[in-house]
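The values are calculated or read from the model by the stated rules, or taken from the named source; none is laboratory data. Everything numeric here is computed off the predicted structure, so don't read it as measured data. With ideal geometry, Cβ positions are generated from the backbone for all residues, glycine too; neighbour counts draw on all protein chains shown.
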Amino acid sequence: MKDAFGGILNLVLISVFLLIVIGVLGLVTTYTKAFKMKNIVLTSIEQYEGTCCDIYKGGKCASSSACVSKIRQEAQALGYSPVSLNCPSDYSNNELYCIKEVNEGGSHYFSVIVQADVHFPIVSNILGFRMFQVSGDTRQINS
């Protein structure tokens, strides 16, 4: 009887350990996807020198813009699609990311926030969070 109880206990411990490892690996994968998406957005904005979005007037990004099309295409290839984007009040809300223009003297830069949604019940129920945000800034763009 002692051997049967020990075997069941070992199976339970191994199962719990595997669930935790799978949850952590899923979380790391989701964070990596968000980090890559942030880099894609920042690189595209720097490549088009900040002209890819109509940020100067506080509007949303134009869907016909080459920069926005490139970002959407890269996001689709990466498999990035946030469920509901929660942007701070001073950021413009695009369907894929939040963006804000920051002016300093004669130059300006853009601040970007990308959201990653956690779709793993183990991680979201045990750790208590459903999404996290990754932010970054472009280099100075002289106007």
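Scan region 78-107 and report the pairs whose first residue is under 25 Å from T29 (Cα atoms) and whose second residue is among the basic types (K, R) and in a loop (DSSP other than H, G, I, E, B), with Cβ atoms within less than 9 Å and a gap of 6+ or a chain change.
What qualifies is V83/R130; N93/K60; N94/K60; E95/K60.
With I45, I40, I71 as the choices, which residue is surrounded by 13 or more Cβ atoms within 10 Å (Cβ to Cβ), modelled with pLDDT of 85 or more, in contact with an Asp or Glu (Cβ under 7 Å, 6 or more places away or on another chain) and not in a strand (DSSP E or B)?
On the way: I45 fails: in contact with an Asp or Glu (Cβ under 7 Å, 6 or more places away or on another chain); I71 fails: in contact with an Asp or Glu (Cβ under 7 Å, 6 or more places away or on another chain).
Of the residues listed, the single one that is surrounded by 13 or more Cβ atoms within 10 Å (Cβ to Cβ), modelled with pLDDT of 85 or more, in contact with an Asp or Glu (Cβ under 7 Å, 6 or more places away or on another chain) and not in a strand (DSSP E or B) is I40.
For (1) at pLDDT 80 or above; (2) on the phi > 0 side of the Ramachandran plot; (3) more than 13 Å from the chain's Cα centre (by Cα), each residue gets a yes or a no:
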residue	(1), (2), (3)
K60	no, no, yes
P82	yes, no, no
P88	yes, no, yes
V102	yes, no, yes
S111	yes, no, yes
V114	yes, no, no
F132	yes, no, no
S135	yes, no, no
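In region 68-118, what residues are among the acidic types (D, E) and out of contact with any strand residue (DSSP E or B) (no Cβ under 9 Å at 6 or more places or on another chain)?
Just the residues of region 68-118 that are among the acidic types (D, E), to begin with: 74, 90, 95, 101, 104, 117.
Matches in region 68-118: E74, E95, E104.
Do you know which residues across region 83-123 are hydroxyl-bearing (S, T, Y) and surrounded by fewer than 17 Cβ atoms within 10 Å (Cβ to Cβ)? Outline the logic, then answer.
Looking only at region 83-123, we keep the residues that are hydroxyl-bearing (S, T, Y), and these are 84, 89, 91-92, 97, 107, 109, 111.
S84, S89, S107, listed by residue number.
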